[in-house]
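**Q** One structure coming up, written as structure tokens, with questions to follow.
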Amino acid sequence: MTKLTAVKGMNDVLPPDSATVEWLESKVRVLMSRYAYRNIRTPIVERTPLFIRGLGEVTDIVEKEMYCFEDRLNGDSLTLRPEATASVVRAALEHNMLYDGGKRLYYMGPMFRHERPQKGRYRQFDQIGAEALGFSGAEVDAELILMVNALWKEIGLMDVRLELNSLGQPAERLQHRKALIGYLEKHHELLDEDARRRLYSNPLRILDTKNPHMQSLVEAAPKLMDFLGETSLAHFKTLTSILDANAVVYTINPRLVRGMDYYNLTVFEFTTNRLGSQGTVCAGGRYDYLFEQLGGKPAPAVGWALGVDRVLELVKSAGLKNIEPILDAYAIVTEVTAFPFVHKIIQGLREVGLSVQMHTSAGDGVGSMKSQFKRADNSGARFALIFGADEIANRQVTIKSLRDISIGQQTLSCDQMKEWVATLQSAD
């Protein structure tokens, strides 16, 4: 039979790498709790029009990258979600979540985009994101940026840069759009194929080109910041003043844009040089017009999303090793007949918070003490719990430290094990 393998660009996450993913997620959960953000979980599959309306028909995601299929039961067009913001807003509208005020939400989960797989960019990839719905003030924009900045400190990442820009409001962006198109038309011969395709449909995205031959052209293009009115500039000034007060280093990048019409005012990205062309590890911005675009009442909103794969690549490149959970004890058993007694003891240890790995038997018995000690050592356990013939007969456990030779070996009764656990946990 043909060997079955995973779909290209959709990768298994195996131990010990999975432990690092869990470590990052646990850090995020604690951080979100500090900022009073609550978890939301939306379906992986959504109706295709959600993303067409939410992202725009002329975006690369909708045009090239979405996984769409027809529901064979009713003919509906369904799509594996390529991003989560549209799903979060859809959920907020469907369940009238803003009836009693704004909501601070966060999510974790897989997204899907059909593009050429490469390091840091896969067809199935996990994202972590935060969305603040129903808040219009720049102080919430700042809150979200401070949150990401705090995450980098929490996980030990230092080589990450923050870039900011403001897209203003639609009327201001329309004035800039006209000036930008006029400028690019005068230099039409310098535009690459992608830029020519976007010239009239999405000219703002041309400013984000990675084509080295167009860099001088876009550097001299009209800057959106020059078209902003007093209100938009005041919003941006409030944001930067909060960041300055918290000693957050940033760069104002006039080329930082978004291709979707619902974005306005603040946009930001955290970037690095360590991942090559995939240098953006977190991106966000304000999208006050998405609710209306999806058929709801107007509501302000701002959020960000980070790529888990890229963050973990940064963690590895920074020299932080896989973070595996610490195993407290490994149970060494000399007789198969002892398993009922051993299970009762270690089950009690697990119930009070210890992690214990149970040795298992093979077809020829439980194996030698030497081989079991080798497995115990390889498991990373701090202690070996030895259940030999004498221990079984006397209802005792011998405890041997596998990591600290200064801790002497001791044999305890079953009743004394609770005291040993308490001493161990107080020392931790």
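The values are calculated or read from the model by the stated rules, or taken from the named source; none is laboratory data. Computed from a prediction, not measured in an experiment: that's the story for all the values here. Backbone-built Cβ (ideal geometry, glycine too); neighbour counts: all protein chains shown. What goes into the accessible areas is simple: the full protein's heavy atoms, side chains included, and nothing from ligands, DNA or RNA. Shrake-Rupley method; radii C 1.70, N 1.55, O 1.52, S 1.80 Å.
**Q** Suppose we filter segment 221-268 for residues that are hydrophobic (A, V, I, L, M, F, W, C) and outside any loop (DSSP other than H, G, I, E, B); how many remain?
**A** 14
**Q** Within 19 Å of VAL311 (Cβ to Cβ), open to solvent by 90 Å² or more (accessible area, probe 1.4 Å) and modelled with pLDDT under 95: is that true of ASP12 in this structure?
**A** yes
**Q** Right, next: Evaluate the following for THR337: is it in a loop (DSSP other than H, G, I, E, B), open to solvent by 70 Å² or more (accessible area, probe 1.4 Å), free of Cβ contacts under 8 Å to residues at least 12 places away in the same chain and not hydrophobic (A, V, I, L, M, F, W, C)?
**A** Answer is no for this residue.
**Q** I'd like the residue in segment 178-187 that is within 14 Å of SER216 (Cα to Cα) and touching a helix residue (DSSP H, G or I) at 6+ places or on another chain (Cβ under 8 Å) and, out of all such residues, is surrounded by the fewest Cβ atoms within 10 Å (Cβ to Cβ).
**A** By that ranking, first place goes to HIS187.
**Q** Of the residues GLU94, GLU70, only one is more than 14 Å from GLY296 (Cβ to Cβ) and either modelled with pLDDT under 95 or open to solvent by 10 Å² or more (accessible area, probe 1.4 Å) (or both); which?
**A** The match here is GLU70.
**Q** When you go through PRO325, PRO298 one by one, which is the residue that is within 30 Å of THR266 (Cα to Cα), open to solvent by 70 Å² or more (accessible area, probe 1.4 Å) and in a loop (DSSP other than H, G, I, E, B)?
**A** PRO298
**Q** With respect to the numbered conditions (1) within 30 Å of MET158 (Cβ to Cβ); (2) aliphatic (A, V, I, L, M); (3) open to solvent by 50 Å² or more (accessible area, probe 1.4 Å), which one is the sole condition not fulfilled by VAL308?
**A** (3)
**Q** Let me ask something additional. Taking segment 351-391 as the search range and keeping residues that are basic (Lys, Arg) and in a helix (DSSP H, G or I), which one is most open to solvent (accessible area, probe 1.4 Å)?
**A** So, considering only residues that are basic (Lys, Arg) and in a helix (DSSP H, G or I), the one most open to solvent (accessible area, probe 1.4 Å) is LYS370.
**Q** Tell me whether segment 246-269 contains one or more residues that are of a type in the set (S, T, N, Q) and crowded, with 21+ Cβ neighbours inside 10 Å.
**A** Yes: one or more hits.
**Q** The conditions are (1) at pLDDT 95 or above; (2) open to solvent by 30 Å² or more (accessible area, probe 1.4 Å); (3) among the hydrophobic types (A, V, I, L, M, F, W, C), and ALA220 fails exactly one of them. Which is it?
**A** (1)
**Q** Next up: Across segment 346-394, what is the total count of residues that are among the hydroxyl-bearing types (Ser, Thr, Tyr) and touching a Phe, Trp or Tyr at 6+ places or on another chain (Cβ under 6 Å)?
**A** The total comes to 1.
**Q** May I pose another question? Among VAL140, VAL148, which is the only one that is in contact with a Cys (Cβ under 9 Å, 6 or more places away or on another chain), farther than 25 Å from ASP12 by Cβ, touching a residue at least 24 places away in the same chain (Cβ under 8 Å) and open to solvent by less than 50 Å² (accessible area, probe 1.4 Å)?
**A** When all the criteria are applied, what remains is VAL148.
**Q** For segment 15-40, which residues satisfy the criterion of being loosely packed, with under 12 Cβ neighbours inside 10 Å, in a helix (DSSP H, G or I) and either acidic (Asp, Glu) or more than 14 Å from the chain's Cα centre (by Cα) (or both)?
**A** Answer for segment 15-40, where residues must be loosely packed, with under 12 Cβ neighbours inside 10 Å, in a helix (DSSP H, G or I) and either acidic (Asp, Glu) or more than 14 Å from the chain's Cα centre (by Cα) (or both): just ARG34.
**Q** State the number of residues belonging to segment 62-83 that are touching a strand residue (DSSP E or B) at 6+ places or on another chain (Cβ under 9 Å) and among the aliphatic types (A, V, I, L, M).
**A** Residues flagged as touching a strand residue (DSSP E or B) at 6+ places or on another chain (Cβ under 9 Å) and among the aliphatic types (A, V, I, L, M) within segment 62-83 amount to 3.
**Q** Within the set of pairs 6 or more residues apart or between chains, which connect a residue that is touching a residue at least 12 places away in the same chain (Cβ under 8 Å) inside segment 1-21 to a residue that is of a type in the set (A, V, I, L, M) and assigned to a helix (DSSP H, G or I) with Cβ atoms less than 6 Å apart?
**A** Pairs found: THR20/LEU312.
**Q** Is it the case that some residue within segment 197-209 is outside any loop (DSSP other than H, G, I, E, B) and over 33 Å from the mean Cα position of the chain (by Cα)?
**A** Within segment 197-209, not a single residue is outside any loop (DSSP other than H, G, I, E, B) and over 33 Å from the mean Cα position of the chain (by Cα).
**Q** Being out of contact with any strand residue (DSSP E or B) (no Cβ under 7 Å at 6 or more places or on another chain) and surrounded by fewer than 19 Cβ atoms within 10 Å (Cβ to Cβ) is the filter; apply it to segment 116-137 and report the residue that is modelled with the lowest pLDDT.
**A** Filtering segment 116-137 for residues that are out of contact with any strand residue (DSSP E or B) (no Cβ under 7 Å at 6 or more places or on another chain) and surrounded by fewer than 19 Cβ atoms within 10 Å (Cβ to Cβ), the one modelled with the lowest pLDDT comes out as LYS119.
**Q** Report, by residue number, each residue of segment 336-390 that is within 36 Å of the chain's Cα centre (by Cα) and either aliphatic (A, V, I, L, M) or farther than 22 Å from LEU412 by Cβ (or both).
**A** ILE346, LEU349, VAL352, LEU354, VAL356, MET358, ARG375, ALA376, ASN378, GLY380, ALA381, listed by residue number.
**Q** Does any residue in segment 251-267 that is farther than 11 Å from LEU204 by Cβ come within less than 8 Å, Cβ to Cβ, of a residue that is β-branched (Val, Ile, Thr) and in a strand (DSSP E or B) six or more places away or on a different chain, and which pairs are these?
**A** As it stands, the answer is THR266/VAL302, since those pairs meet every condition given.
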